[in-house]
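Here's the structure, in structure tokens; my notes come after.
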Amino acid sequence: MHRTLLESLAVWKANPRRKPLILEGARQVGKTWLAHEFGRRCFERTAYVTFQDNAGLQSVFEGSLSPRRLLDAVSAESGVAAGDPETLVVFDEVQDCPRALTSLKMFCEQAPEVPVVAAGSLLGVAMHRGVSFPVGKVEHMTVNPLTLVEFLMATGDGVLANFIEARDFDMMGAFSERFADALRRYCFVGGMPEAVAAYADTGDYRAARAVQDRLLYDYDHDFSKYAGGEEAERIRMVWRSLPSQLARENKKFVYSAVRPGARARSFEGAINWLVDAGLAVKVPRVSKPGLPLAAYEDVGAFKLYMLDVGLLGAASRLDSSTVFNGDALFSEFKGALTEQYVCQQLAATGEVVPFYWSAENSSGEIDFLYDHAGRVFPVEVKAERNVRARSLRAFTAKYGGLCAVRLSLEGYREQGWMTNVPLYAAGILPSLDIPVSEMP
């Protein structure tokens, strides 16, 4: 598969002031594969070790964290001589050995020439277990599910992917039906690497769904493994409520939808756990479109999306027949899949943080907002062919100075007060030169 992060990893390698790198992300998003592929492409050798079910290697890290001592252990474990700049050292499943995280500080200070990458499922949760985390001594990259562009490349539609990456809206318009079909397939299959591979190999949606169902089962069991007790049950309840939360007209997270009478104080920890683990994306509400948006966050209101649109469909028991039913897939669950898709693409850019806005005493809402290059971009998502955007128009007229965007199945078009961008180009939105809205 093609992963765009490989380009970022190559830049990291070339940086003479690089620090040890942590690949963050949820379980099964492809961190281990990415580390191996990075080593294969950019280094002469890869010294790979895993801490999963490896008590012997874990015991080594209980002693001195001298890089030379640890590199000798890595060499013995991997069978590859480690310690030179052309040998990539990979620590996998580091959540099973918190002291391996601590050791990255020593590598940064005493052996900066040695390229070290650490990866592990539920790494975000492991960081909060009281271990000595190497603050300021490491770099981070977040591994997300495959984007639509990566999905197109993996499933034989690389030419369509090239049109998106080239910002060629003329060609996107000429092949709009093929793009719409690809988007439908992506919204069902999603971006979890194993599900994409199963679909790419067989062309069978059932193969992708089987992978998705197993992942949902594994995540459910991870809650007990890593949290335990009552907290695990609260995490499970929040996780299972997400499809119904997102199927509502107003997608603001409602605690009573988790359990009747539930209060924030009982489930805040569970929500934070899911976000830290990379299994959920929290999109906070802002009170106004000021700069920076984070300064106007309403801490008591937010939306909570799943990490992957395909997993959302699987958790909702969405039937594969919807893929072939025109644009019905985009409007299922009141557009929940389409909003999930857009949130996923924006988050994967690594350039913007998505927020949303809703009126205090009316039904007006802007699906997403982000700030970028000194401007605020309100984004309205239209899942159907009806592309009237009354909320977006009223919001833009009220505040002014915004770069309004409507994402829909229509082609690229600047309309003065807003710019229509095709849904399948959501992943390149932060890189587009969207003009400031001009109200009549």
I need the calculated FRET efficiency for the pair Lys282 and Phe324, taking r as the beta carbon distance and R₀ as 51 Å, to the nearest 0.05. 0.90
Taking all protein chains in place and a 1.4 Å probe, what share, in percent, of the accessible surface of region 265-310 do carbon and sulfur account for? 48 percent
Roughly what % antiparallel, to the nearest 5, for the DSSP beta bridges in the chain? 40 percent
Could you give me the ³J(HN,Hα) list for region 275-284, computed from phi with Karplus coefficients 6.51, -1.76, 1.60 and θ = phi - 60°, whole Hz, x at Gly and Pro? 5, 4, 7, x, 8, 9, 10, 8, 10, x
Return one whole number: the accessible area per residue of the chain in Å², for a 1.4 Å probe. 41 Å²
5 Å is the cut-off here: which amide hydrogens, built 1.01 Å from N in the peptide plane, fall below it relative to Arg285, excluding neighbours closer than 5 in sequence? Asp298, Ala301, Phe302, Lys303, Tyr356
Indicate, rounded to the nearest 5 percent, the antiparallel portion of the DSSP beta bridges found entirely in region 292-429. 60 percent
In region 318-440, carbon and sulfur make up what percent of the accessible area (probe 1.4 Å)? 45 percent
With springs connecting C-alpha atoms under 10 Å apart, model the chain as a Gaussian network and identify which of Asp157, Asp367, Asp84 has the largest mean-square fluctuation. Asp84
Folded to 0 to 90 degrees: helix 390-399 orientation relative to the chain principal axis, Cα: 80 degrees
Between the helical axis of 98-110 and the dominant principal axis of the chain, each derived from Cα atoms, what acute angle in degrees is found, rounded to the nearest 10? 80 degrees
Return the long-range amide H neighbours of Leu409 (sequence gap of 5 or more, or a different chain), with a cut-off of under 5 Å between placed amide H atoms. Leu423
Test of the criteria: in region 22-80, which trypsin sites (Lys or Arg not before Pro) are in a DSSP loop and have at most 13 other Cβ atoms within 10 angstrom of their Cβ? none
Note the angle between two axes, namely the Cα long axis of helix 31-42 and the longest principal axis of the Cα atoms of the chain, as a number of degrees from 0 to 90, rounded to the nearest 10. 70 degrees
So for the pair Ser363, Met171, with labels modelled 7 Å out along Cα→Cβ, what separation do we get in nm? 4.2 nm
With a 1.4 angstrom probe the carbon and sulfur portion of accessible area for region 49-88, in percent, totals 49 percent
Counting sequence-distant residues (5 or more places) and residues on other chains, those with an amide H built under 5 Å from that of Thr50 are Asp92
Mean residue ellipticity (222 nm) of the chain, computed from DSSP H runs ≥ 4 via -39,500 (n - 2.57), nearest 500: -13500 deg cm²/dmol
Tell me which label goes with the value of volume of the Cα convex hull per residue in Å³ computed from the coordinates here: (1) 149; (2) 130; (3) 190. (1)
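The values are calculated or read from the model by the stated rules, or taken from the named source; none is laboratory data. Worth saying up front: this structure is predicted, and the values here are computed from it rather than measured. So basically every Cβ, Gly included, is an ideal-geometry build from the backbone, and we count neighbours across all protein chains shown. Quick note on the areas: whole protein, heavy atoms, side chains included, nothing else; ligands and nucleic acids left out. Shrake-Rupley method; radii C 1.70, N 1.55, O 1.52, S 1.80 Å.
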